[in-house]
Amino acid sequence: MDARTIEFTGRGSILIAAPIEAVFDFISDPGTRWDFITPLESRRRPNSIPGSDRYEFEIAGRILHYEMHIAALDRPRRLVMDVRGDVRGTQVFSLSESDGFTELAMELTYEVEPHWPSYFHEEPTASRFPQTLVAQTLEEIRTELEVVLALEPPLR
């Protein structure tokens, strides 16, 4: 972390009624990742390159651009995404399986510049926003994945 930046962290976990491989495939696939990994109003930018996705989102009237790169992959137990651009940080997903459920844990760390408007780094945003973002992200992943799996015909 640069001395000029302010770092935030959010953590959480959720149980998903799905096999670990299905959850890992869902969160690691760029086709699903950009729609469901963030509850923010985000859109994928054209010309993304393999292993990297480009996005932009608007928050508090400010449009931010960033790229996500796969930094580490340990299928199906761990996925680390590196975030670069106007927003910098990491998303770490850890998965474990028990009795047909997958526990998906997420840790989100990101930095903002101190010159950004105060609502990006002062309370209550500083402590609540990262936790809320993680909780909403995990819930969206679970909801979408359980719906997708419910619609798929069983394997024979």
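A short reminder: the numbers here are calculations on the coordinates, not readings from a lab. Keep in mind the model is a prediction, meaning the values are calculated, not measured. Here Cβ is always computed from backbone atoms with ideal geometry, including for glycine, and neighbour counts include all displayed protein chains.
A few remarks follow.
- Linear extension gain, residue 56 paired with residue 74, 0.36 nm per residue minus alpha-carbon span: 3.7 nm
- Radius 11 Å from Cβ of residue 129, net charge of other residues (Lys, Arg +1; Asp, Glu -1): -1
- Stretching residue 125 away from residue 6 to a fully extended chain increases their span by 41.6 nm, per 0.36 nm per residue minus the current alpha-carbon distance.
- Sorted by Cβ neighbour density within 10 Å, fewest at the top, the residues 93, 101: 101, 93
- Across the range 138-147, coupling constants 3J(HN,Hα) worked out from phi with the 6.51/-1.76/1.60 Karplus curve, θ = phi - 60°, read 4, 5, 5, 4, 4, 4, 5, 5, 5, 5 Hz, and Gly and Pro carry x.
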